[in-house]
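Presented below is the structure to which this report refers.
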């Protein structure tokens with residue numbers, strides 16, 4: 001059977017369903033770039049929750065960013081709907097789009113809804129190893145007909161921040177306690193970057209995060225995603241837990257120190273970016289402060 005992309009006429013519309021989360025959205029951009037490079041005539045829309053829409057706004061491969069509603073999916077009238085999410089809502093969006101070609105990964109539930117079932121990335125890439133999320137998503141494009149090629153770095157688009165002295169961005173928060181390095185160690189790391197290297201330190205986080213351990217530093221709390229992206233773009237260094245902001249830093253090529261607990265950096269680590277990764281599968285709190293300071297020094301020697 002011919003690859004699905006070969007059957008799409010010039011100018012056909014494609015719907016990519018990528019509801020959340022921040023890291024997943026950022027790591028979708030290499031796949032979008034591959035598709036756009038192979039078929040620049042296609043009009044690609046991404047259905048995503050509004051809080052993450054800034055990831056795809058202004059991206060040259062994306063013609064439209066849609067709210068994740070059945071009506072929006074139907075109005076787009078795609079020839080191909082590609083479900084990158086896999087949940088129930090994304091299933092209904094796939095069906096509501098009316099696309100004659102409906103693609104989803106073979107491990108998704110409700111396989112009856114898809115007439116293109118994408119196999120495991122290992123099968124597509126012919127490599128039996130743990131694959132990165134960026135590789136997993138890009139492999140779908142290869143299965144659909146994009147010629148095999150190197151998978152690019154994630155990419156984001158944001159205006160440069162206002163001129164200011166060099167600074168580091170710290171993201172000491174996480175979606176779960178087991179993914180968060182102790183805040184007092186992040187504060188000590190921030191003081192080291194400030195006192196030993198003259199970097200300003202800016203702590204970023206959500207509106208509900210506890211910033212009290214970082215009162216001595218400048219902070220950006222609960223800011224819109226576009227503002228966070230702009231700030232991270234201008235940083236000399238990023239340090240944070242395994243979380244969405246770490247993927248933003250990697251997309252902008254910012255030298256990054258990323259701390260992992262049980263999560264596997266082979267799947268979720270910084271993709272094709274200058275980085276130091278520290279991991280303690282038995283508990284992220286097992287990572288000593290001294291290891292983080294040494295990793296920051298290695299980044300400084302390589303990139304500053």
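Under 8 Å between Cβ atoms, at least 6 apart or on separate chains: pull out the pairs that start in the stretch 13-29 with a residue that is not assigned by TED's automatic domain parsing to the domain that holds residue 63 and end on any residue that is crowded, with 23+ Cβ neighbours inside 10 Å.
none
Here are some residues: 207, 188, 239. Which one is under 19 Å from residue 174 (Cβ atoms), surrounded by fewer than 22 Cβ atoms within 10 Å (Cβ to Cβ) and in contact with a helix residue (DSSP H, G or I) (Cβ under 8 Å, 6 or more places away or on another chain)? Spell out the reasoning first.
Values: 207 fails: in contact with a helix residue (DSSP H, G or I) (Cβ under 8 Å, 6 or more places away or on another chain); 239 fails: surrounded by fewer than 22 Cβ atoms within 10 Å (Cβ to Cβ).
Going through 207, 188, 239 in turn, the sole match is 188.
Being surrounded by 14 or more Cβ atoms within 10 Å (Cβ to Cβ), assigned to a loop (DSSP other than H, G, I, E, B), out of contact with any helix residue (DSSP H, G or I) (no Cβ under 8 Å at 6 or more places or on another chain) and on the phi < 0 side of the Ramachandran plot is the filter here; which residues of the stretch 251-286 pass it?
269 - this is the single residue of the stretch 251-286 that is surrounded by 14 or more Cβ atoms within 10 Å (Cβ to Cβ), assigned to a loop (DSSP other than H, G, I, E, B), out of contact with any helix residue (DSSP H, G or I) (no Cβ under 8 Å at 6 or more places or on another chain) and on the phi < 0 side of the Ramachandran plot.
Could you look through the stretch 172-185, keep only residues that are out of contact with any strand residue (DSSP E or B) (no Cβ under 8 Å at 6 or more places or on another chain) and outside any helix (DSSP H, G or I), and pick out the one that is surrounded by the fewest Cβ atoms within 10 Å (Cβ to Cβ)?
So the first thing to find is which residues in the stretch 172-185 are out of contact with any strand residue (DSSP E or B) (no Cβ under 8 Å at 6 or more places or on another chain), and the list is 175-178, 182-185.
With the extra rule that they be outside any helix (DSSP H, G or I), the set shrinks to 175-176, 182.
On the way: 175: 15, 176: 11, 182: 14.
Applying the filter and picking the extreme gives 176.
Can you tell me which of (1) farther than 30 Å from residue 106 by Cα; (2) over 23 Å from the mean Cα position of the chain (by Cα) is the one residue 145 doesn't meet?
(1)
Considering the stretch 33-55 alone, what residues qualify as being closer than 20 Å to residue 232 by Cβ and surrounded by 20 or more Cβ atoms within 10 Å (Cβ to Cβ)?
Across the stretch 33-55, the qualifying residues are 33, 48, 52, 54, 55.
The values are calculated or read from the model by the stated rules, or taken from the named source; none is laboratory data. Predicted, not measured: the structure shown is a model, and the values here were computed from it. We place every Cβ from the backbone using ideal geometry, glycine too, and count neighbours over all the protein chains shown.
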